[in-house]
Amino acid sequence: MTIQADTIKAGLFGLCAATVLAQPLAALQSAPAVAADAPVLRLLSYNINGLPKTLTKGKPPLFNRIAEILRERRAAGTQPHVVLLQEAFDKRTSVIADTTGYKYVYKGPGRRDTSRKGRAHWTQATRKAYALRPNPQKIAGSGLYILSDFPIMDARYKAFDSDECAGFDCLSNKAIQFARLQTPFSEQPIDIVNSHFNSRGSAKAPGKIVLKAHKKQTDVLVKFLGAFRQGYPIVIAGDFNTKQDKRYAYFSESINLMDAGKVCLSNKAFCSLADGTKEDEILYRTNDKQFYEDSAAVRLQPIWAARNFTEMLDGKPLSDHLGYEVHYRVLTSE
Amino acid sequence: MSIIAAGSATGVSANDVDASFGGKPIYIQADEFEDDRKKDSWAGQIGFGLSVAPRFVGADEHVASVGFDLKVSYKGTIFLENNRIGALLYKNRFVRAGAIARWNLGRIDNGSLSLLETIPEIDDAFEVGIFAATSLYKLFLTTEIYFGASDDFSGTSVEVEAGYTFEPTSKWRVTPILGAVWSSSAFLDTFYGVEEGNPDFEAFRPNGGLSEAYFELATERRFGENWLFKGSFRFSELLGGAADSPIVRSAGGSRDQLQTFVGIVWLF
C-alpha cells in the first residue's frame with residue numbers, strides 16, 4: 001500500500017485544523033493571523049422578500065436596486081462570489097439572477113417540482129378522497145437561487161414533504177438546494193447549501209406544529225447532507241428561521257457545524273464586522289445564518305461579516321431582511 | 001447599503017476570479033434527491049363504531065346501529081368511499097373532476113314503516129354522475145351531481161359542500177362543513193311524493209329546488225401513527241318540496257335530520 005504525500009499533508013492539516021477548532025475560543029483570539037494572502041470566498045445570503053406579485057405592490061424597483069448594487073460591486077471587483085437568495089418567488093426577481101454578471105445560476109425547485117405527500121398531511125382522511133391531492137398543493141416555488149461566479153459541478157435539491165411544513169409556509173415549495181462549486185481557491189470543491197425554513201408567526205399555525213415542522217426540516221437537512229457530502233468543505237446559509245432559542249439549539253446541534261457569526265465574534269483578531277453591523281444582528285436578532293465546516297484539506301476561516309443592503313429606496317427598505325455576507329479565507333494544505 | 005472596497009480591512013483580496021462575465025447566465029439543471037420514503041399506491045381507512053341516522057329520509061325516528069366507515073383509494077385516482085365509487089379523470093392546479101356513482105339504499109320496510117303502511121318501499125339503486133372539487137390551503141369546495149340510473153329511481157340531485165380544516169393541535173383536526181342539496185322534481189317525487197288515492201296522505205307532487213341544507217362537524221383525534229378517533233355530526237334541515245311533503249309533515253316525519261358516527265379508524 002502506498003500513501004500519497006498529499007494524503008499525508010491533508011491528514012496533518014486536518015489534524016491541525018481539528019486541534020485549532022478544539023481549542024478554547026479565548027486561545028484562538030490570541031492566535032496570530034495566518035496566510036493573510038490566502039484567497040477569500042465572499043458569500044452573501046439574502047432573503048429579498050420577493051413574495052408573489054399578487055401579494056405585494058411596488059416591488060420591482062427594489063429588485064432592480066438590489067441587482068444594481070450587485071452590479072456596482074462587480075464593477076468594483078468586490079462582488080460576493082456566491083449569492084444565495086431566498087423568497088425570490090416573484091418572477092420579476094429574476095433580474096437579480098440575470099443582470100448581475102453571475103455566470104452560473106441554479107434556481108431552486110419551482111411550484112411543479114412538487115414535494116411528496118407525507119404520512120400525516122393535514123388533508124389526509126378528513127373528507128372526500130377526490131378533494132385530496134396526491135401531492136401537496138403549492139402556490140409558489142421554493143423562492144431559492146444560488147448565483148455563482150464559479151462552475152457548479154453538481155446540483156441537487158430536496159423539497160420538503162407535506163408533513164415537513166406547517167401553516168401558510170406549506171403553500172410554497174420550500175426546499176433545500178445543494179451545490180458543489182469548483183472554485184479557483186482550492187483543488188477541492190466547496191459545497192454550498194441554501195434553504196429557507198418554516199417561519200414561526202407568519203405561518204399562522206399553532207406553535208407546537210410549526211416547531212415540529214421546523215425540527216423535521218432540520219432532520220431532512222441532516223439526512224441529505226449525509227447523502228450529498230463527500231468530505232469537502234461546506235457552507236450552509238440561508239433564512240433558517242432560528243431566531244427562537246429552541247429552534248436554534250436543535251438546528252445547530254443537529255447539523256453540528258460552526259456558526260460563522262459566532263466564530264467571527266469570538267476571533268476578533270481574525271475577523272471583523274462591517275461598519276454599522278451590530279453583533280446581535282449576526283447572533284440572535286436574526287433568522288439569517290451561515291454555518292460552515294472545513295475538510296481535511298481545506299480550512300475556511302471567517303474574516304469579515306456584514307449585515308448589508310441597508311439602503312432605503314424612496315423611504316422603503318430593499319427587503320424585510322438585511323443581507324448577510326461572510327468572507328471566508330480559504331486555507332489549503334494542497 | 002455598504003459597499004466594501006477591494007483591499008480594505010475587510011479581508012477582501014484580489015482573488016483569481018473572472019468577474020468580467022456580462023452575458024446571460026447558464027442555468028444549471030438540478031436533480032432531486034431520491035427519497036426512500038414509502039409511497040403506497042393504496043391508501044385508505046377502515047373504521048367502525050356507533051352511527052345514528054333517520055330510519056328513512058324524512059323520518060322523525062332515528063336509530064342507532066353499528067356503523068362502518070370505509071375509504072380506499074388507488075394512486076389517488078380510483079376511490080371507494082362507503083356507498084360511493086369514482087375515478088379522477090381531470091386535474092389541474094385548482095380543480096379535480098371525474099366520474100362518480102352512488103349506491104342509494106332507497107327506502108326499505110324493516111318494520112318501522114308500519115306506521116306508514118301506505119308509503120311504498122323504494123328499491124336500492126345506482127345513481128351515476130360527475131364530481132368536481134377545488135381546494136385552497138385547508139379550504140375545500142366539492143360538488144357532486146347524480147342522475148338516477150334505474151327505472152325505479154330517476155331524477156337529478158346536486159350536492160355542494162364547503163369546509164375548512166382547523167388544527168387545534170398537531171394530532172387533532174376539526175372540520176366544519178356547510179352543504180346544500182338541490183333536487184329535481186323527479187328525484188323528490190321518488191322519496192317525498194304521494195300518489196293519488198293514498199288513504200293516509202293527500203296527493204303530493206313536489207317541485208324541484210333546494211331540498212336540504214346541512215351543517216356537519218367532523219373531527220379526528222390521532223392516537224397512534226395509524227389510528228384515529230373519528231366523529232362526525234351532521235344536522236340537516238329539509239327544505240322546499242322535501243319539507244312540504246305530507247310524509248315529512250306527518251307525525252312520523254320531520255324536517256330535522258341527524259346523522260352521526262363515532263368510532264375508531266385504522267389508516268392504511
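Here are a few things to note about the model shown:
- Test: residue in region A:235-243 that is open to solvent by less than 10 Å² (accessible area, probe 1.4 Å), under 15 Å from A:F197 (Cα atoms) and basic (K, R): no
- The single residue among B:A203, B:A218 that is open to solvent by 40 Å² or more (accessible area, probe 1.4 Å) and out of contact with any Gly (no Cβ under 6 Å at 6 or more places or on another chain) turns out to be B:A203.
- The set of residues from region B:206-215 being over 30 Å from B:Y137 (Cα atoms) and open to solvent by 30 Å² or more (accessible area, probe 1.4 Å) comprises B:N207, B:G208.
- Residue within region A:95-111 that is assigned to a helix (DSSP H, G or I), at pLDDT below 95 and open to solvent by less than 10 Å² (accessible area, probe 1.4 Å) present: no
- A single entry from A:G226, A:G201, A:G207, A:G231 fulfils the requirement of being touching a residue at least 24 places away in the same chain (Cβ under 8 Å), out of contact with any helix residue (DSSP H, G or I) (no Cβ under 6 Å at 6 or more places or on another chain), of a type in the set (G, A, S) and surrounded by fewer than 24 Cβ atoms within 10 Å (Cβ to Cβ): A:G231.
- Residues that are within 14 Å of another protein chain (Cβ to nearest Cβ) and either modelled with pLDDT of 90 or more or in a loop (DSSP other than H, G, I, E, B) (or both) within region B:32-68 comprise B:F33, B:E34, B:D35, B:D36, B:R37, B:K38, B:K39, B:D40, B:S41, B:I46, B:G47, listed in sequence order.
- Residue match in region A:255-263 (condition: of a type in the set (D, E), more than 24 Å from A:Q79 (Cβ to Cβ) and in contact with a Phe, Trp or Tyr (Cβ under 8 Å, 6 or more places away or on another chain)): yes
- Residues of region B:209-246 classified as modelled with pLDDT of 90 or more and not in a strand (DSSP E or B), total: 8
- Unique match (being of a type outside the set (F, W, Y) and in contact with a Cys (Cβ under 6 Å, 6 or more places away or on another chain)) among A:N173, A:N241, A:N198, A:N194: A:N198
- One residue stands out among those in region B:175-200 that are within 14 Å of chain A (Cβ to nearest Cβ) and open to solvent by less than 30 Å² (accessible area, probe 1.4 Å): the one that is nearest to B:E225 (Cα to Cα), which is B:T175.
- For region A:267-296, a residue qualifies if it is open to solvent by less than 30 Å² (accessible area, probe 1.4 Å) and more than 20 Å from A:T242 (Cα to Cα), and the qualifying residues are A:N267, A:C271, A:A274, A:D294, A:S295.
- Strands (runs of 3 or more DSSP E) (entirely within region A:175-260) containing at least 1 residues that are among the aliphatic types (A, V, I, L, M), away from chain B (no Cβ under 14 Å) and closer than 17 Å to A:D154 by Cα: A:234-239
- All of (1) part of a strand (DSSP E or B); (2) open to solvent by less than 10 Å² (accessible area, probe 1.4 Å); (3) in contact with a strand residue (DSSP E or B) (Cβ under 6 Å, 6 or more places away or on another chain) hold for A:C264 with one exception: (1).
- Candidates B:T77, B:T142: the one that is within 14 Å of chain A (Cβ to nearest Cβ) and modelled with pLDDT of 90 or more is B:T142.
- Of the residues in region A:310-326, at least one is open to solvent by 40 Å² or more (accessible area, probe 1.4 Å) and closer than 27 Å to A:K215 by Cβ.
The values are calculated or read from the model by the stated rules, or taken from the named source; none is laboratory data. Worth saying up front: this structure is predicted, and the values here are computed from it rather than measured. All Cβ positions, even for glycine, are placed from backbone atoms using ideal geometry, and neighbour counts span all protein chains on display. The protein model used for the area step is the full one, side chains on, heavy atoms only, and it has no ligands, DNA or RNA in it. Shrake-Rupley method; radii C 1.70, N 1.55, O 1.52, S 1.80 Å.
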